[in-house]
Amino acid sequence: MKRFVSYLCGLCLVILSCTQSEATTPDIAITPEVLNFSAEGGVQEVAITANFEYDINTNASWLSYTKNDKGLTIVVTPSNVEKK
């Protein structure tokens, strides 16, 4: 089972970069904070609201994402691990 904890940070998927004035405190909200995928993979949505521009990067071959106006669509491919 592939599990994303605390907004995918546990898997080093997200790199955020800020481009705002020094007077603005960065603020971001991510829902849900935890995603769970079975060995079959799947597609899930993550809502992101932020007061700054952010970038997202991954080097995982089994994971892809699409950034949209509401957040992200996360796609996880099926695992090649056989069940015992």
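Derivation of every value follows stated rules applied to the coordinates shown; laboratory data play no part. Owing to the predicted nature of the structure, the values given are computational and were not obtained by experimental measurement. Don't worry about glycine lacking a Cβ; one is built from the backbone with ideal geometry, like all the others, and counts go over all protein chains shown.
Scanning the range 31-84 for residues that are in contact with a Leu (Cβ under 8 Å, 6 or more places away or on another chain) and at positive phi yields no hits at all. Figure legend. Inter-residue proximity from the range 44-66: first residues exposed (fewer than 12 other Cβ atoms within 10 Å of the Cβ), second residues polar (S, T, N, Q) and not in a strand (DSSP E or B), beta-carbon distance below 7 Å, spacing 6+ or different chains. Indicated pairs: E53/T19; D55/S17.
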